[in-house]
Amino acid sequence: MYNVLSIAGSDSSGGAGIQADLKAFAANGVYGMTVITAVTAQNTRGVNAVRVLDPEIVTAQIDAVFSDIRVDAVKIGMLADSRIISEVAEALRRWKPPVTVLDPVMVAKSGHRLLAPDAEESLKNKLLPLADLVTPNLPEAESLSGLEIESADTAVLEKAARRILELGAGAVLIKGGHSDNSDSSTDILVDRHGTRHYTAPRLEARHTHGTGCSLSSALAALLARGFGLEQSVTWAKAYINEGIAHGLAIGGGCGPIHHFYSLYGGEELEP
């Protein structure tokens, strides 16, 4: 069994954050472990409150896991502030996990900021150089690269990805789901070997909560299992597309994707 650790925030509605990470880990064949950085009070309509944990307890969680269990990959999500970023970066340098996937969570889908503005430079300087793969959406790619991204023009996205690559990341996957293209969505993967485009029809779906968290977690799981980067991106995207296509109508807002649709064989269990 491969073991993957998520360092991220908790989502009380179960659709994103640590909860989504654990579901994506299980669905992609690995054992999931967690380090919680913040507790959020949220539901399908938005984030109501956030309580950031002390950096010392974040470090204690990381050390407790690594000192006892083999960690085959780390996925990093919400880190909240520069103090936690510094602690996580130091722990990664100390424990040296074989794979690190960084999802640079900055703003929730509802618009609630999940990373302090003054922490963005810390994220770029301390964590990006330690990441084997970074998975920003368009607004995050704009912030990390310093480029203005008004559309999902592939030339602009490639330039942004290369800017982020120059910060020290091993590879960058820019997710095109936030573009205004109504027909298709293109993700761009850039590493030192070249550029690959992953284009798929845009799904008409309302329930997409946790999409970004789940994609980065699926990637961490597949990379932990030894699959190559390109193959992992292809499979992770297919997994997420299925989850979006069968999103769950839970709550009164944007519900979560269905992490385990294939497990049910397309049929919901009845008592």
Among the residues of the range 117-161, count how many are under 16 Å from the mean Cα position of the chain (by Cα) and not in a helix (DSSP H, G or I). 7
Whether any residue in the range 161-170 is closer than 27 Å to Leu114 by Cα, at pLDDT below 90 and not hydrophobic (A, V, I, L, M, F, W, C) is what I want to check. no
Go through (1) among the hydrophobic types (A, V, I, L, M, F, W, C); (2) under 24 Å from Ile18 (Cβ atoms); (3) in a helix (DSSP H, G or I) for Ile164 and report which single condition fails. (2)
Yes or no: Glu121 more than 27 Å from Leu53 (Cβ to Cβ) and among the acidic types (Asp, Glu)? no
Quick one: which residue in Gly212, Gly176 is modelled with pLDDT under 90, touching a strand residue (DSSP E or B) at 6+ places or on another chain (Cβ under 7 Å) and buried (at least 19 other Cβ atoms within 10 Å of the Cβ)? Gly176
Among the numbered conditions (1) within 22 Å of Ser214 (Cα to Cα); (2) surrounded by 15 or more Cβ atoms within 10 Å (Cβ to Cβ), tell me where Leu165 comes up short. (1)
Does Ser67 satisfy the condition of being out of contact with any Cys (no Cβ under 9 Å at 6 or more places or on another chain) and either within 18 Å of Ser214 (Cα to Cα) or surrounded by fewer than 21 Cβ atoms within 10 Å (Cβ to Cβ) (or both)? yes
Pick from the range 184-209, criterion hydroxyl-bearing (Ser, Thr, Tyr) and under 23 Å from Leu229 (Cβ atoms), ranking: surrounded by the fewest Cβ atoms within 10 Å (Cβ to Cβ): Ser184
Working only within the range 67-97, note down all residues that are closer than 20 Å to Val30 by Cα and in contact (Cβ under 8 Å) with a residue 40 or more places away in the chain. Ile69, Arg70, Val71, Asp72, Ala73, Val74, Lys75, Ile76, Gly77, Pro97
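The values are calculated or read from the model by the stated rules, or taken from the named source; none is laboratory data. All figures in this text were calculated on a predicted structure; none of them were measured in a lab. Backbone-built Cβ (ideal geometry, glycine too); neighbour counts: all protein chains shown.
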